[in-house]
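Below you'll find the structure, written out as structure tokens, and then a few comments.
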Amino acid sequence: MSIRERLSGNEAAAIAMKQINPDVVAAFPITPSTEIPQYFSTFVSNGTVDTEFVAVESEHSAMSACIGAEAAGGRAMTATSANGLSFMWEMIYIASSMRLPIVMSLVNRAVSGPLNIHNDHSDAMGVRDAGWIMLFSENNQEAYDNLIMAHRIAEHKDVLLPLMVCQDGFITSHSIENIELIEDDLVKKFVGKYEPEHYLLNSKEPISMGPLDLQAYLFEHKKQQSQAMVNAKKIILDVAKDFEKMTGRSYNFFEEYKLDDAEIAIVCMNSTAGTTKYVVDELRARGVKAGLLKVRMFRPFPAEEIAKALSHIKAVAVLDKADSLNACGGALFSDVTSGMQVNKVMVSTVNYIYGIGGRDTKSTDIESVFNDLQEIVKTGNIDNPYRYLGLRG
């Protein structure tokens, strides 16, 4: 029997951590993720969990502590945002290269500079090639559910990669929504006990971790990381199936919203999907065949599956909440169009950079994108595929 609650995204993440009861949580406060370790620390202080909570002096130290704990054989978690993730940058790569299944809640926020504490995806996009599995969450329910599934995915013997669960700063992290929680005992049974095969405190198998890795081996080790990311696709689906059996809530690589008969479609991630669904419903009522593809699994990227899902669409707009500053579109756009090209799917596709620094994206903005797509279908002309949405001047 699920538990009905009203929680913010940060509260939901903290409760997921409480139910998982990891061995170590190491964290340093940074807006808008601060509440997650703050809420969790109350569970530590009142004895609800027996987690070792490490209040470190920086985000670099937070990830370092998680690496040490996980390498020693413990289950470790943390949370951060924006500049905090940037400060972790060195250790983010080390965590994945050491094949340590750390789980992090990333509350997305603009990376300085100039200083901005509001939501965009520049922090996540900055580490998209660091070897972490990346799951995105439209709402508080998905942030909670993704965290419950995270350890089962990351700790699988065929994966052994760290995983970050992303949600939009303030938009979901501080907004209260209805949510269905899972009973504690069911979560513990679902997540299971962490039993690593190799770890530093195993007296029967002395090992070193993070050694010097020069020309003779580094290439092969990076290929192993890449293969683990490929393996993660199957494990993510397998875990989602088990999760659905427990909760009735279904997850895949992405969500197709009224996409099966759509002629025009938007591809986006996180909370913008909610606004887009509203606009799709409004347009459908007027006879416009609009649809949405909401990306949940950004790493590994489901290129072939997305290409197949979009193959019948006449015009597609990919929305990026971060600008790659490369003069040829955002990261999601590059991945979607690359996947379509490789899989021989030729669909007129445009990119919109939007929402930078927390700029509001209203339903009228989303509707204007669909209007542009209708014009592309009508005329066959794209002109400039690299566009901005909601930009003044």
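Here is how the numbers come out for the structure above:
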{"item": "Whichever residue in region 276-294 is more than 19 Å from V318 (Cα to Cα) and basic (K, R) and, among such residues, is surrounded by the fewest Cβ atoms within 10 Å (Cβ to Cβ)", "result": "R286"}
{"item": "Residue list for region 71-90, restricted to those being crowded, with 24+ Cβ neighbours inside 10 Å and either in contact (Cβ under 8 Å) with a residue 40 or more places away in the chain or not assigned by TED's automatic domain parsing to the domain that holds Q19 (or both)", "result": "R75, A76, M77, T78, A79, T80, S81, A82, G84, L85"}
{"item": "Residue match in region 133-144 (condition: of a type outside the set (K, R), crowded, with 21+ Cβ neighbours inside 10 Å and either without any contact (Cβ under 8 Å) to a residue 24 or more places away in the chain or farther than 25 Å from R75 by Cα (or both))", "result": "yes"}
{"item": "Residue match in region 213-231 (condition: out of contact with any Cys (no Cβ under 7 Å at 6 or more places or on another chain), outside any helix (DSSP H, G or I) and aliphatic (A, V, I, L, M))", "result": "yes"}
{"item": "Region 7-33, residues that are of a type in the set (S, T, N, Q) and either within 18 Å of K189 (Cα to Cα) or at pLDDT below 95 (or both)", "result": "Q19, N21"}
{"item": "Pairs with Cβ under 7 Å, 6+ apart, first in region 168-184 and at positive phi, second in a loop (DSSP other than H, G, I, E, B) and among the polar types (S, T, N, Q)", "result": "F170/N119"}
{"item": "Odd one out for V279, checked against (1) within 20 Å of T364 (Cα to Cα); (2) in contact with a Lys or Arg (Cβ under 9 Å, 6 or more places away or on another chain); (3) of a type in the set (V, I, T)", "result": "(2)"}
{"item": "Only one of A95, A124, A154 that is at pLDDT 95 or above, over 12 Å from the mean Cα position of the chain (by Cα), within 25 Å of K294 (Cβ to Cβ) and of a type outside the set (F, W, Y)", "result": "A154"}
{"item": "Members of region 190-236 found to be of a type in the set (A, V, I, L, M, F, W, C) and free of Cβ contacts under 8 Å to residues at least 60 places away in the same chain, listed by number", "result": "F190, I207, L212, L214, A216, L218, F219"}
{"item": "All positions within region 138-152 that are outside any loop (DSSP other than H, G, I, E, B) and either within 23 Å of S271 (Cα to Cα) or among the aromatic types (F, W, Y) (or both)", "result": "N140, Q141, E142, A143, Y144, D145, N146, L147, I148, M149, A150"}
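The values are calculated or read from the model by the stated rules, or taken from the named source; none is laboratory data. All values derive from a computational prediction rather than experimental measurement. No Cβ is skipped: glycine too gets one built from the backbone with ideal geometry, and neighbour counts run over all protein chains shown.
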